[in-house]
Amino acid sequence: MFDLARLRLLRELGHRGTMTAVATAFGLTSSAVSQQLAVLEREARVALLERVGRRVRLTAEGTRLAAHAETILSAVEAAALDLKPAGETARGLLEIASFPSFAKARLLPAVIRARQRFPELKMVIHELEPADAIEAVRDGRCHLAVSFAYNFAPRPEIAGLVAQPLMDEPVLLALPPRWRPAADPIKLERLAKEDWIAGSREAEDRLLAERACAPAGFVPRITHTVDDYDLLLRMVSAGLGVGFVPELALRFSGAKPVVIRGPAGAPLRRRIYMLTRRALADSPLVRALLSELPGAG
């Protein structure tokens, strides 16, 4: 018999690549993770790990067991849900990790409505950027992660997680007030000599700017990197640069007016979606939230 906690550690080692990363995710020491996986090897009666230099990696048998672990752990979650009484309404705890602009514009209103309809359902919001939100779902700290991908910078699928589309929105240009006479849409080559402002945490933000500007024949000079769209818009308003901004980020900005234009050429879009474990994807808790999110599905 395999211990589920040890199977979970093996699965995460396959995903994260190092003992240190697994230990950090689960609040353990690397030594404790190593000891637990050594016990799992004895249970499996085959070598699951091999040393490569100062690191370890899964053997072929370890990789196969990690794939089985994904199936087993998903089945355990599904069994727990299946044992709930028939016809049970949404009740219990649902922890959601989301980036700020979606949380303010869409998630918070949906949670408020869901709490009114389902008084026995408790929803907890954690403000996390997509990469951190996905990790929170993988290591069990959250049930749902809200993530996004640009059409010019798609993200790879996440093994073991199911994606549910939530919305699709345009990505626009934020320009200083001196650009107000410019017609809409604006050709990107006109911005080749401008300073650009991009996100500081998500590599996709920089990638979007570079790929969008490439057909116009230039690499954007990214001078400032920030982690908050309101700050980005304030910097644009002050004339410090230009930048791409998803439409959703414009709704709650306290920045002074900036000039918003669509970029000419191929449309830029941001797709927002929810990620969860397969066993939870059709649970009453998740359905309750989705029912209050317009456009989900």
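The values are calculated or read from the model by the stated rules, or taken from the named source; none is laboratory data. Because the structure is predicted, anything quoted here is derived from the model rather than measured. Glycine also receives a Cβ, built like all others from the backbone with ideal geometry; neighbour counts cover every protein chain displayed. We work out accessible area using only protein heavy atoms, side chains counted, and drop any ligands, DNA or RNA first. Shrake-Rupley method; radii C 1.70, N 1.55, O 1.52, S 1.80 Å.
Counting the residues of region 35-56 that are open to solvent by 50 Å² or more (accessible area, probe 1.4 Å) and part of a loop (DSSP other than H, G, I, E, B) gives 5.
Residue-by-condition table, conditions (1) assigned to a strand (DSSP E or B); (2) more than 30 Å from Leu293 (Cβ to Cβ):
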| position | (1), (2) |
| --- | --- |
| Pro170 | yes, no |
| Ala182 | no, yes |
| Trp196 | yes, yes |
| Ala212 | no, no |
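Evaluate the following for Arg190: is it among the basic types (Lys, Arg) and surrounded by 15 or more Cβ atoms within 10 Å (Cβ to Cβ)? So Arg190 does not fit the description; no. Right, Ala32: among the small types (Gly, Ala, Ser) and either part of a helix (DSSP H, G or I) or open to solvent by 70 Å² or more (accessible area, probe 1.4 Å) (or both) or not? It is true that Ala32 is among the small types (Gly, Ala, Ser) and either part of a helix (DSSP H, G or I) or open to solvent by 70 Å² or more (accessible area, probe 1.4 Å) (or both).
Has region 215-232 got any residue that is among the basic types (Lys, Arg) and modelled with pLDDT under 95? Among the residues of region 215-232, not one is among the basic types (Lys, Arg) and modelled with pLDDT under 95, which makes the answer no. If you check Arg11, Arg6, Arg54, Arg16 for being of a type outside the set (Gly, Ala, Ser), touching a helix residue (DSSP H, G or I) at 6+ places or on another chain (Cβ under 6 Å) and at pLDDT below 85, only one passes: Arg16.
Quick grid of which residues meet (1) surrounded by 16 or more Cβ atoms within 10 Å (Cβ to Cβ); (2) among the polar types (S, T, N, Q); (3) over 29 Å from Ala159 (Cα atoms); (4) touching a strand residue (DSSP E or B) at 6+ places or on another chain (Cβ under 8 Å):
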| residue | (1), (2), (3), (4) |
| --- | --- |
| Glu204 | yes, no, no, yes |
| Gly241 | yes, no, yes, yes |
| Arg251 | no, no, yes, no |
| Val259 | yes, no, yes, yes |
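Of all residue pairs spaced 6 or more apart or on separate chains, those with beta-carbon atoms under 9 Å, a first member in region 270-285 that is touching a residue at least 24 places away in the same chain (Cβ under 8 Å) and a second member that is part of a loop (DSSP other than H, G, I, E, B) and hydroxyl-bearing (Ser, Thr, Tyr) are Thr276/Ser283; Pro284/Thr89.
When Ala203, Ala198, Ala209, Ala281 are checked against the criterion of being touching a Ser or Thr at 6+ places or on another chain (Cβ under 9 Å) and of a type outside the set (D, E, K, R), Ala198 stands alone in meeting it.
Are any of the residues in region 215-238 touching a strand residue (DSSP E or B) at 6+ places or on another chain (Cβ under 9 Å), of a type in the set (S, T, N, Q) and touching a residue at least 60 places away in the same chain (Cβ under 8 Å)? Yes, region 215-238 has at least one match.
Out of the residues in region 206-233 meeting the condition of being β-branched (Val, Ile, Thr) and surrounded by 17 or more Cβ atoms within 10 Å (Cβ to Cβ), tell me which one is nearest to the chain's Cα centre (by Cα).
Keep residues of region 206-233 that are β-branched (Val, Ile, Thr), which gives 219, 222-223, 225-226.
Right, trim to surrounded by 17 or more Cβ atoms within 10 Å (Cβ to Cβ) and you get 222, 226.
Details: Ile222: 24, Val226: 18 Å.
Top of the filtered list is Val226.
Here the condition is being of a type outside the set (Asp, Glu) and over 22 Å from Glu169 (Cα atoms); of Leu285, Leu231, it holds for Leu285 alone.
What are the residue pairs meeting all of these: first residue in region 5-27, first residue open to solvent by 30 Å² or more (accessible area, probe 1.4 Å), second residue of a type in the set (Asp, Glu) and outside any helix (DSSP H, G or I), Cβ atoms under 8 Å, and 6 or more apart or on different chains? These pairs meet every condition: Phe26/Asp139. Note on region 171-187: residues that are small (Gly, Ala, Ser) and surrounded by 14 or more Cβ atoms within 10 Å (Cβ to Cβ) total 2.
Picking from Leu93, Leu107, which residue would you name as being open to solvent by less than 40 Å² (accessible area, probe 1.4 Å) and among the aliphatic types (A, V, I, L, M)? Spell out how you get there, then give the answer.
Values: Leu93 fails: open to solvent by less than 40 Å² (accessible area, probe 1.4 Å).
Only one candidate passes the filter, namely Leu107.
To keep it simple, each residue is scored yes or no on (1) modelled with pLDDT of 90 or more; (2) out of contact with any strand residue (DSSP E or B) (no Cβ under 9 Å at 6 or more places or on another chain); (3) assigned to a helix (DSSP H, G or I).
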residue: Leu65; (1), (2), (3): yes, no, yes
residue: Leu81; (1), (2), (3): no, yes, yes
residue: Gly87; (1), (2), (3): no, yes, no
residue: Glu95; (1), (2), (3): yes, no, no
residue: Leu108; (1), (2), (3): yes, no, yes
residue: Ala114; (1), (2), (3): yes, no, yes
residue: His126; (1), (2), (3): yes, no, no
residue: Ile158; (1), (2), (3): no, no, no
residue: Gln164; (1), (2), (3): yes, no, no
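Could you please give the count of residues in region 57-77 that are open to solvent by 30 Å² or more (accessible area, probe 1.4 Å) and of a type in the set (A, V, I, L, M, F, W, C)?
Step one: filter region 57-77 for residues open to solvent by 30 Å² or more (accessible area, probe 1.4 Å), giving 57-58, 60-61, 63-64, 67-68, 70-72, 75-77.
If we keep only those that are of a type in the set (A, V, I, L, M, F, W, C) too, we end up with 58, 60, 67, 72, 75-76.
Number of matching residues: 6.
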